[in-house]
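Let me begin by presenting the structure, written as structure tokens, before commenting on it.
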Amino acid sequence: MRNTRICAGICLAVGFLALAAPAAGAAAGPSGEMTAQISPGKASPGSQVTVSTRACGKETYGKGTSEVAGAFHLFEGDRKGELVGVFEIPKGSEATTDSVTLKCPPRIKITKTYRIVDRAPSGAVDAGFGAPSGGSTQLAVGSVLLAGAVAGGVVRVRRRTAATRV
């Protein structure tokens, strides 16, 4: 009876992880989305801002313009189909909202905004909640560790029950 409960718990945990994997992949967004990501969302004067997009498709080059920082270039990123550009917010810039416009051939134009704040953000960068950044690898490693812990617990319970029966 006890083994049945343990097996049911294992099945529920594995089922939950199997259902969580597609949700983690979907949180990253579809590859053909006409959007851009700006990191950090709140930047301070003197800091670097990274802009990435997958909207350009197979293009390997694009141009970007920030109202505050001026023009910058987009080059191929680490992932296939992604263009990435980096620019620096000039020191002495006022706290405001900055618009970034990205252009790639033939007629793709995306505009996105972010905030410039008076001081640099503080605190943890990744709290562990929200959309995962390297989700599939972390999820796989976590699943293996969880399965190993559960298997070790099952073996320990079986040894104890066998020892008490003797």
*Using 0.36 nm per residue, how much length does the chain from ALA147 to SER93 gain when fully extended, once their Cα-Cα distance is taken away?*
14.3 nm
*Could you pull the accessible area for PHE87 with a 1.4 Å probe, rounded to 10 Å²?*
10
*Between LYS63 and GLN138, take the C-beta separation as r, use R0 = 45 Å, and let me know the FRET efficiency to the nearest 0.05.*
0.85
*DSSP loop (so not H, G, I, E, B), at most 16 other Cβ within 10 Å: list which trypsin sites (Lys or Arg not before Pro) in region 34-63 pass both filters.*
LYS58
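The values are calculated or read from the model by the stated rules, or taken from the named source; none is laboratory data. Bear in mind the structure is a predicted one, so any value in this text is a computation, not a measurement. We place every Cβ from the backbone using ideal geometry, glycine too, and count neighbours over all the protein chains shown. All accessible areas refer to the heavy atoms of the entire protein, side chains included, with ligands and DNA or RNA removed. Shrake-Rupley method; radii C 1.70, N 1.55, O 1.52, S 1.80 Å.
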